Amino acid sequence: MRKFTASAFTGTRAWDALDIERIEGATVRLHWTDAPYQWHVNDGPEVFVVLDGVVDMHIRRDGAEELLRLRAGDIFHAEDGDEHFASPDGPARVLVIEKAGSI
């Protein structure tokens, strides 16, 4: 058994991750970041939980770009094939659950 304190985790570069668990082909990872990711499409569903900080989640739906502002406690869910990218507003810590090996 282990206890994780999200606010204490800091990476050495954006999107550094602390692997927490692998469950039946999925990973549970705590990410630290202070820089945007990239537009991408996961090859499976993704659950993205903001634990600390604020993250702007950019999504494309029906060819139009939308912005979802996520604060601590907010959860973003993307289905397989949903195009999106995350851009933190300052340092953020995020719990991501997704298919192992997904980008």
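The values are calculated or read from the model by the stated rules, or taken from the named source; none is laboratory data. Small disclaimer: the values here were computed from a predicted structure and weren't measured. With ideal geometry, Cβ positions are generated from the backbone for all residues, glycine too; neighbour counts draw on all protein chains shown.
For the stretch 60-71, give me the residue count where each residue is under 15 Å from the mean Cα position of the chain (by Cα) and surrounded by 14 or more Cβ atoms within 10 Å (Cβ to Cβ). Matching residues across the stretch 60-71 total 1.
When the residues of the stretch 1-30 are filtered to those that are within 21 Å of Pro91 (Cβ to Cβ) and in contact with an Asp or Glu (Cβ under 7 Å, 6 or more places away or on another chain), the one that is surrounded by the fewest Cβ atoms within 10 Å (Cβ to Cβ) is Ser7. Considering the conditions (1) aliphatic (A, V, I, L, M); (2) loosely packed, with under 15 Cβ neighbours inside 10 Å; (3) touching a residue at least 60 places away in the same chain (Cβ under 8 Å), Ala92 is excluded by exactly one of them, (2). Asp62 meets the conditions (1) more than 18 Å from Asp89 (Cα to Cα); (2) touching an Asp or Glu at 6+ places or on another chain (Cβ under 6 Å) in every case but one. The failed one is (2).
Name the one entry in Asp34, Asp74, Asp56, Asp80 that is among the acidic types (Asp, Glu), farther than 16 Å from Trp15 by Cα and under 13 Å from the mean Cα position of the chain (by Cα). Residue meeting the stated conditions: Asp74. Could you check the stretch 7-21 and list, in sequence order, the residues that are not in a loop (DSSP other than H, G, I, E, B) and not hydrophobic (A, V, I, L, M, F, W, C)? Result: Ser7, Asp16, Asp19, Glu21.
I'd like the full set of residues that are modelled with pLDDT under 95, assigned to a strand (DSSP E or B) and not charged (D, E, K, R), limited to the stretch 32-62. Across the stretch 32-62, the qualifying residues are His40, Val41.
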